[in-house]
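Here's the structure, in structure tokens; my notes come after.
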Amino acid sequence: MSIMSYNGGGVVAMKGKECVAIASDLRFGIQLQTIGLDFDKIFQAGPKLYVGFPGLATDTQTVHQRLKFRTNLYELRENRKVSPKVYASMVGNLLYEHRFGPYFVEPVVAGLDANNQPYICAFDLIGCANAPDDFVVAGTCEEQMYGMCESLWKPDLGPEELFEVISQALVNACDRDAISGWGARVYVIEKDKVTVRNVRTRMD
Amino acid sequence: MAGTSERYSFSLTTFSPSGKLVQIEYALGAVASGAPTIGIKATNGVVLATEKKHKSFLCDESSVWKIESITPNIGMCYSGMGPDYRLLVKNARKAAQTYLLQYGEQIPTIQLVQRVANVMQEYTHSGGVRPFGVSLLICGWDNGKPALLQCDPSGSFFPWKATAMGKNFTTGKTFLEKRYNPDIELQDAIHTAILALKESFEGQMTAENIELGLVTERGFRRLTVPEVQDYLANVL
């Protein structure tokens, strides 16, 4: 039994043309038993900044709460909202602080910076950051998601196309993983709005 | 700070019957008898100017500086006790690097000032220590805007458009009140700062007995002796 596959689940984020999308499955399970169908692993960290924490469910909740603690204080001290790069820096920092007793999550950050340029970043459980130009994946179905993203993604997708691409990538990857799936939620972040959609998936 | 301050659990800075913290008043006295420092915020930068009088001509002026950089965008100067200043410079540099490590971004000037001022305040509240005998002038450039702030021994900090500290600071401030305007540009500000310093200068002002520091969009730097010489030649 691996701790990272105790609860299961997956998160993917993609860059588009002046937009980003981030999506997560909704299953909450304990090993092979499914308990909940509304466990969104994605949280809002700013008006155009979202972060997902796939991995051990308790750490999904705790890491989110502890990061919120830090960003709340930052925003009060500095009188400004966290930018995606700074947020990513804080995530990496928090994880590395627990280098020898880590949180079992592999966070995914997606947002638009001050100039509405897309930013995505993924981390391993001890805070190594990876901020590429195309897509990032994490979770028990990450290998399946890599395959789907590599074939479906292309640069400069508009918000509507990006939604289709990220939904197909997530859903088909989760269908090939016993402990991911049971519903999906997709966030498309553009400069003037954020659209959240639930995607109908196989419920098994 | 180990040793003595661990044995004292009580603060040495206590209230007088009138509600004053006399130690802080005395610390401000130490500042007011220190060498003068001027700071002027222009539209396109900030200038710091300070007198660096040496006790004898045997002193090597180029070995020790009063104006120090904290980050590429923030510089600092003082009036008062040199050794206390050195500790605060070390502290400020560490705070700036800690911020960079956590947030991946250079520390904004006001955030640095808050952290340094917090340290200064702790020394008025902790056991077995005395307040710092310095007032600091911190200048920086954040997001296209210049910033100039003063930190006092009490731990309070003030943003300034232009200010003077140290000996004859009231004369300096009066001079600046007359000469300052909100549209002043950096070159003019440097000129004004040198003149303000000259008001209370005893003896001949040379490039070796004053220091100048500038912060612009390109960052903070201390001017070299030849550069100071050029500015002095235009003023004197």
**OP:** Would you mind ranking B:26, B:103, A:87, B:78 by Cβ crowding within 10 Å, fewest neighbours first?
**Re:** B:26, B:103, A:87, B:78
Original post:
Got the relative contact order for chain B handy, in percent, Cα pairs under 8 Å and 6 or more residues apart?
Top reply: 31
**OP:** Over the whole of A:82-89, what's the average partner chain Cβ count within 10 Å per residue? Rounded to a whole number, please.
**Re:** 3
**OP:** Please determine, in degrees from 0 to 90 and to the nearest 10, the orientation of helix B:82-103 with respect to the longest principal axis defined by the Cα atoms of chain B, where the helix direction is its Cα long axis.
**Re:** 90
**OP:** Step through the table entries B:52/B:161; A:17/B:145; B:66/B:94; B:90/B:178; A:154/A:191, compare each Cα-Cα distance with 26 Å, and write down the pairs that go over it.
**Re:** A:17/B:145; B:90/B:178
**OP:** Arrange the peptides B:118-128, A:152-162, A:41-51 so that the one whose residues have, on average, the most other Cβ atoms within 10 Å appears first.
**Re:** A:41-51, B:118-128, A:152-162
**OP:** Work from the charge dipole of chain A (Cβ charges, +1 for Lys and Arg, -1 for Asp and Glu, about the Cα centre) and give the residue of A:33, A:141, A:71 farthest towards its positive end.
**Re:** A:71
**OP:** Treating only the Cβ atoms of Lys and Arg (+1) and Asp and Glu (-1) as charged, compute the dipole magnitude of segment A:1-153 about its Cα centre; round to the nearest 20 debye.
**Re:** 560
Subject >> Given charges at beta-carbon only (K, R positive; D, E negative), |dipole| of the protein assembly as shown in Debye >> reply: 1260
Subject >> Charge dipole (chain B, unit charges on Cβ, about Cα centre) - positive-most of B:77, B:223, B:132 >> reply: B:132
**OP:** Could you tell me how many degrees, from 0 to 90 and to the nearest 10, lie between the Cα long axis of helix B:186-199 and the main elongation axis, the longest principal axis, of the Cα atoms of chain B?
**Re:** 70
**OP:** Would you please report the Å³ per residue occupied by the convex hull of the alpha carbon atoms in chain A?
**Re:** 104
Subject >> Total charge dipole magnitude, segment B:151-236, about the Cα centre, Cβ charges on Lys, Arg, Asp, Glu only, Debye to nearest 20 >> reply: 180
**OP:** Determine ³J(HN,Hα), in whole Hz, for all residues of segment A:146-152 in sequence, where each value follows from phi through the Karplus function 6.51 cos²θ - 1.76 cosθ + 1.60 and θ = phi - 60°; x replaces Gly and Pro.
**Re:** 4, x, 4, 5, 4, 8, 8
**OP:** Per DSSP H run of n ≥ 4, the term is -39500 (n - 2.57); total these for chain B, divide by its residue number, and report the mean residue ellipticity at 222 nm rounded to 500 deg cm²/dmol.
**Re:** -11500 deg cm²/dmol
Subject >> Percentage relative contact order, segment B:147-236, counting C-alpha pairs under 8 Å, at least six apart >> reply: 19
Original post:
Averaged over peptide B:94-106, how many Cβ atoms belonging to another chain are found within 10 Å of each residue's Cβ?
Top reply: 3
Subject >> Rounded Å value of the spacing that divides the Cα centres of segment B:1-64 and segment A:119-190 >> reply: 57
Original post:
Could the peptides B:225-235, A:88-98 be put in order, highest first, of the mean number of other beta-carbon atoms found within 10 Å of their residues?
Top reply: A:88-98, B:225-235
Subject >> Note, ³J(HN,Hα) from phi for segment A:188-201, Karplus 6.51, -1.76, 1.60, rounded to Hz, x at Gly and Pro >> reply: 10, 9, 10, 5, 10, 7, 10, 10, 10, 10, 8, 9, 6, 10
Original post:
Can you give me the relative contact order of segment B:56-145 as a percent, contacts being Cα pairs under 8 Å and 6 or more apart?
Top reply: 36
Original post:
Short version: ³J(HN,Hα) in whole Hz for each residue of segment A:97-102, in order, from phi by Karplus 6.51 cos²θ - 1.76 cosθ + 1.60 (θ = phi - 60°), x for Gly and Pro, what are they?
Top reply: 4, 9, 3, 9, x, x
Original post:
Mind checking the angle between helix B:169-179 and chain B's longest principal axis? C-alpha axes, 0 to 90 degrees, to the nearest 10.
Top reply: 40
Original post:
Amide H of residue A:182: which non-local residues (sequence gap of 5 or more, or other chain) have their own amide H closer than 5 Å, using H built in the peptide plane?
Top reply: A:204
Original post:
Calculated from DSSP H runs of 4 or more alone, at -39500 (n - 2.57) each and per residue, what is the 222 nm mean residue ellipticity of chain A, nearest 500?
Top reply: -10500 deg cm²/dmol
Original post:
Just counting partner chain Cβ atoms within 10 Å, what average do the residues of peptide A:90-98 show around their Cβ?
Top reply: 1
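Any read-out appearing in this document is the output of simple, stated calculations on the displayed coordinates, not a laboratory observation. As the structure is a computational prediction, the values presented were derived from the model and not from experiment. As a convention, Cβ positions derive from the backbone with ideal geometry for all residues, glycine included, and neighbour counts pool all protein chains shown.
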